[in-house]
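Asks: Okay, here's the structure, questions in a sec.
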Amino acid sequence: MPDTALSVSAEPPPGHSSRDAVRAFIESHWDDTVRYSPNDEGTLLGLPHPYTIPSRKDVFQEIYYWDTYFTCVGLLATGRQKLAIDNTRNLLAEVERFGYVPNGNRTYYLSRSQPPYLAPLVGLVVDATQDDELLAEAIPLLKREYAFWTHQRTASPGLAHHGSHATREQLIEFFPTVRDRLGLPEATAEEDLDFVRRVMAECETGWDMNSRFAKRCPDFFPVDLNSNLWLYETLLARWTSGDESAQWTGRARQRLDLINALCWDAERGAWFDYDHVNKRRSTVWNAGALQPLWAGLATPDQAASVVSRALPRLEFAHGITATIPPEGATPFQWDHPNMWPPVQHIAYRGLERYGYTHEARRIAEKYLDCITRAFDITGDLWEKYNVADGSHLARNEAGYFKNPVNLAMGGGEIPEAETPSMMGWTAGIFVDAQDFLAGGGYWLNHVCLAR
């Protein structure tokens, strides 16, 4: 990638007072995202406490699993501790009811989960609130969720992959919501149920859709998924004692050894998803390579290699792109040039963990400038942005949001060039990036085990 790809826009960035205006908007609109539905109603699954949803209007009118971690980062930093605790207790309640955290609290999401962030979320909230009762309540449920990933989403020799546990009927019901996005508007699920199951597995990644997995998602051990499960093992080792703690430490060491053996590519100097069916590493550069830095499992030498080899490929004028598609591939919304807020957080917090302060601050600044610039133009926050031009006019897939709840609400479809408006992780990471540059913020810095 030419050096010019890392240069900043010729347009002057917004001033800090404008950033403060964005933060004021966030703090004054959190309550617009709060819902309370204690009982099951239609497709909506009841939750015992009030919870935050990603958007104030139209779409995303339910709690989403991995979104909630990044939202809570911002809630804690803006004095909304009770909401962060309620969000966490709701996810724990889902584990108690289902044995895992569904993609969202809808019946049609029960066939899959999302990237596991509940253990770090518990650690984050307990560290911020000193709520030991929450930790005691969480530990047995975190073990149960961990068992879901190790029993239903793990293959030999012992790393996890994404998947689904959908029935035939659920697959048939699901496919019309994504077939336009896949460029298959006339296809039916019955033609290839295995393909539909693989697509649903990709939805479990949270990165739906992308070019990382070549529509064979269950065949890969993703670096980011297994980094997070290593973090579960590491945290549970700290939160238990005696022989049990030693067992969790042993599991973490075993997973780390497998991640390094299968996913670390010394020649390319970065981690790559591992195709356990064809027994080879992926060739697709993606931001999952930054997750080991965020989780703290990288060695200093590995971190240095990622900074010199992966970061220049993934960083652009307005942030970190999610996936560089293979040559000739049809890009999806989790491919370049789209910039996703959680990826930026993982990047700058991971880089800072290993002492790459200059690079971390540069990425945080780019994120703040991008969100502030779009806010100055639109007066709103958005789901994703564009790393090439810094706008909220990012790539969407045809038929994006052609789903049951959105159509039932009369929301229609999102225009092809415009992303959905969103608070959620966009707001949470804006607050965190601002606090990070000021030397603060909420995140699991006590988990760093870098050697």
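Read-outs throughout are calculated quantities, based only on the coordinates presented, and are distinct from any laboratory measurement. Owing to the predicted nature of the structure, the values given are computational and were not obtained by experimental measurement. Neighbour counts are summed over all protein chains in view; Cβ atoms, including those assigned to glycine, are modelled from backbone coordinates with ideal geometry.
Asks: Along segment 105-116, what does the Karplus equation 6.51 cos²θ - 1.76 cosθ + 1.60 (θ = phi - 60°) give for ³J(HN,Hα), rounded to whole Hz, x for Gly and Pro?
Replies: 8, 10, 4, 7, 9, 6, 8, 7, 10, 9, x, x
Asks: If amide hydrogens are placed 1.01 Å from N in the peptide plane, which non-local residues have theirs closer than 5 Å to the one on ARG106?
Replies: LEU45
Asks: For the residues SER55, SER111, what sequence is obtained by ranking on other C-beta atoms within 10 Å, fewest first?
Replies: Ranking SER55, SER111 by Cβ neighbours within 10 Å, fewest first, gives SER55, SER111.
Asks: Moving to a separate point now. By per-residue mean of other Cβ atoms within 10 Å, what is the highest-first order of 229-239, 174-184?
Replies: The densest-packed peptide leads the list: 229-239, 174-184.
Asks: Given the DSSP H assignment, sum -39500 (n - 2.57) over each helix run of at least 4 residues in the chain and divide by its residue total; what's the result at 222 nm in deg cm²/dmol, nearest 500?
Replies: Calculated mean residue ellipticity at 222 nm is -14500 deg cm²/dmol.
Asks: Sorted by packing (mean other beta-carbon atoms within 10 Å per residue), highest first, where do 80-88, 426-434 land?
Replies: My ranking of the peptides, most packed first, is 426-434, 80-88.
Asks: Let me ask something else. By its C-alpha gyration tensor, with a ≥ b ≥ c as the square roots of the eigenvalues, how is segment 150-246 shaped: rounded for a/c under 1.5, else prolate for a/b larger than b/c, else oblate?
Replies: Prolate.
Asks: Follow-up question, since we're still on this one. Taking neighbour counts of Cβ atoms within 10 Å as a proxy for exposure, in what order, fewest first, do ASP208, ASP243 appear?
Replies: So the residues, fewest neighbours to most, are ASP243, ASP208.
Asks: Fewest Cβ neighbours within 10 Å first, please rank THR107, THR372 accordingly.
Replies: The most exposed by this proxy come first: THR107, THR372.
Asks: Using modelled amide H (1.01 Å from N, peptide plane; none on Pro or chain starts), what sits under 5 Å from the amide H of TRP382, excluding residues fewer than 5 places away?
Replies: MET422
Asks: Explain nothing, just compute: Karplus ³J(HN,Hα) = 6.51 cos²θ - 1.76 cosθ + 1.60, θ = phi - 60°, for every residue of segment 242-254 in order, whole Hz, x for Gly and Pro.
Replies: x, 4, 5, 4, 5, 5, 5, 4, x, 5, 5, 5, 5
Asks: If you don't mind, there's one more thing I want to ask. Rounded, prolate or oblate for segment 313-396? Axes are the square roots of the Cα gyration tensor eigenvalues, ordered a ≥ b ≥ c, and the cut-off for rounded is a/c under 1.5.
Replies: Verdict is oblate for segment 313-396.
Asks: Hey, what do the phi angles of segment 84-90 turn into as Karplus ³J(HN,Hα) couplings, whole Hz, using 6.51/-1.76/1.60 and θ = phi - 60°, x for Gly and Pro?
Replies: Once rounded to whole Hz, the list reads 5, 5, 4, 4, 5, 5, 5.
Asks: Could you tell me the relative contact order of the chain? Use alpha-carbon pairs under 8 Å, at least six residues apart, and round to a whole percent.
Replies: 18 percent
Asks: On to the next question. Using the Cα gyration tensor of segment 261-369, with a ≥ b ≥ c the square roots of its eigenvalues, what is the shape: rounded (a/c below 1.5), prolate (a/b larger than b/c) or oblate (neither)?
Replies: Here segment 261-369 falls in the oblate category.
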